[in-house]
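Shown next, in C-alpha cells, is the structure this report addresses.
The values are calculated or read from the model by the stated rules, or taken from the named source; none is laboratory data. Here the structure is a predicted model, which means the values were calculated and not measured. Note that each Cβ is placed from the backbone with ideal geometry, even for glycine, and that neighbours are counted across all protein chains shown.
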Amino acid sequence: MKLRPILLVLLIVCGFYYLTTRMMPVGALAGLLHHALPPDVAAPPSLSGPVGSLSLTEASAAPAFDTEEQQNIAVYKRALPSVVNITSTAVAFNFFYGPVPQQGQGSGFILNKDGLILTNNHVIDNAQRVEVTLWNTHHYKAEVKSIDKAHDLALIKIDNAPDLVPATLAGSQGLVVGQRVYAIGNPFGLSGTMTRGIISAIRSIRGEEGNPIEDAIQTDAAVNPGNSGGPLLNSRGEVIGITTLIASNPNGGADQSAGIGFAIPIDTAKAALDDFAKYGHVRRPSLDIITLPIGPDIAEQIGLPADYGILIESVTHGGAAERAGLHGGTQKAWKGNTPVMLGGDLIVGADGQKITTPQDLSTVLNSHHAGDTISIVIFRGRQQMNVKVTLSDAADKPAGGQQT
C-alpha cells in the first residue's frame, strides 16, 4: 500500500519529462516562463555569436523620475531659454605688432523681450566685438549699453530676436545657508550646462578687479570659466544671483571648480539696473569718507563710547559727509605699521541699521541712489547724534583712497 504514492509520483514526473522534451516545440517552455516575469522586465533576448549565447534583461519602459529629479528637470526647462552664451573678441598685438584676435567666453541672461541681457563686466571688458548665442543656437551681434565696474556688471542688447524668454528675478534678501541652488551657463564653452549645489555661505569678498562684493553668495555648485555672468537660481528657477567668481587655487594651476564659487546678489544688480534705466549709467551712492573698523580692543584702547562701528578717518573736501557736518580724525596714530587718524566721528548706525563694519555701511548704501538722503547715527566724543546726509555720486569723485 505504501508503494502506490511513490509509484504515482514517479509516473507524474516521467510524464512531465516526456511531454516537455519530446512533444512540446523548442522554446514553448521559454514562452511560458516569459509570462511569469515581472511586468516591468522584458524577456531576455538571446544573442548567439562566436562567444556563445548572451541573454540581456531589459526594462520594458523608462523608469519614472523621482521628486528630486523632477525638480531638477523643471528648473532646467524653465531657466534654459533665458540663458545665453556670450563671446567677446578683443584685439591684442604680437611681437611684430600685428593684430591678433583673442576670444573670451561667458554667460548672461535675458531681462526683457527687447533684448536686454545682464552679464559680468569682465566678460565683455575691452571687447571690440560681442556676440550672443541663444539656447536655440541663433547668433546675434550685441551692443554694450552700460557698465558698472564697481559691481562687475554689464548691460548688453541684441536686436531683432523674436520670442525671447526673460528670466524671472527673485530677491536675494533672506537667503539661507543650506538652500539648494542651480547654476546654468557655458563652462569651457559647453552651452546649456546646469550644475547643482547649496548656498555654502554669504560673505563679503573682493571681485576680479579688487572691487568689493557685499553679501556675495558662496556656493558649492560647480562653477568654471565660462559660467561668469550666468544666473544662480533658486529651486523655482528664479534668479537670485549672477555667477561671477571662482575661488583661486592657492597651489596654482588652471582655474577650475574647487567647490567654492561666488555670485553677486541679484538685489545689487537690481539697484544698478534702476540707475541704468533712470540715468543711462550707474550712480553709485557715496558718503565720501575713509573709515577704520572698530572692535572691542581698539575701542578700549582709545576710549570710545561704543565697542563697535566704523571711525571716520577723513572726509573728502566738498563731499557728502563734509556737507552734512561729519568730522574726520585729527590725531595721527599707528595701527601696526599703518598710519591712522583718530578723533573723528564714530558711525554706529545708518538708515535704521546697526553698523559694525564697512561692509554693513556699503550694504545700506547699495539700497539707495546718489541724491538720496539717509540718517547716520554717530558718536562725537561721548555725545550720540543723528545726522542727515545727502549721498553723492561716487563717479564724480577722483580716484584715490578706499572710500565709502
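Looking at the stretch 374-404 only, could you name the residues that are under 25 Å from SER204 (Cα atoms), outside any helix (DSSP H, G or I) and modelled with pLDDT under 95?
LEU391, SER392, ASP393, LYS397, PRO398, ALA399, GLY400, GLY401, GLN402, GLN403, THR404
Kindly provide the set of residues from the stretch 197-237 that are over 20 Å from ALA167 (Cα atoms), of a type in the set (D, E, K, R) and out of contact with any strand residue (DSSP E or B) (no Cβ under 9 Å at 6 or more places or on another chain), ordered by number.
GLU209
Confirm whether PRO212 is touching a Lys or Arg at 6+ places or on another chain (Cβ under 7 Å) and surrounded by fewer than 19 Cβ atoms within 10 Å (Cβ to Cβ).
yes
Count, please, the residues in the stretch 103-146 that happen to be surrounded by 20 or more Cβ atoms within 10 Å (Cβ to Cβ), among the β-branched types (Val, Ile, Thr) and free of Cβ contacts under 8 Å to residues at least 40 places away in the same chain.
So the count comes out to 1.
Is it the case that GLY237 is modelled with pLDDT under 95 and either of a type outside the set (A, V, I, L, M) or within 24 Å of ASP125 (Cβ to Cβ) (or both)?
Considered against the rule, which asks whether it is modelled with pLDDT under 95 and either of a type outside the set (A, V, I, L, M) or within 24 Å of ASP125 (Cβ to Cβ) (or both), GLY237 comes out as no.
Filtering the stretch 181-196 down to residues that are more than 14 Å from GLY229 (Cβ to Cβ) and of a type in the set (A, V, I, L, M), which residue is farthest from the chain's Cα centre (by Cα)?
Looking at residues that are more than 14 Å from GLY229 (Cβ to Cβ) and of a type in the set (A, V, I, L, M), I get LEU190.
Looking at the stretch 278-305, which of its residues are crowded, with 18+ Cβ neighbours inside 10 Å and assigned to a loop (DSSP other than H, G, I, E, B)?
Those that are crowded, with 18+ Cβ neighbours inside 10 Å and assigned to a loop (DSSP other than H, G, I, E, B): VAL282, ARG283, ARG284, LEU287, ASP288, LEU304.
Taking the stretch 121-139 as the search range and keeping residues that are touching a helix residue (DSSP H, G or I) at 6+ places or on another chain (Cβ under 6 Å) and outside any strand (DSSP E or B), which one is farthest from VAL165 (Cα to Cα)?
Filtering the stretch 121-139 for residues that are touching a helix residue (DSSP H, G or I) at 6+ places or on another chain (Cβ under 6 Å) and outside any strand (DSSP E or B), the one farthest from VAL165 (Cα to Cα) comes out as ASN121.
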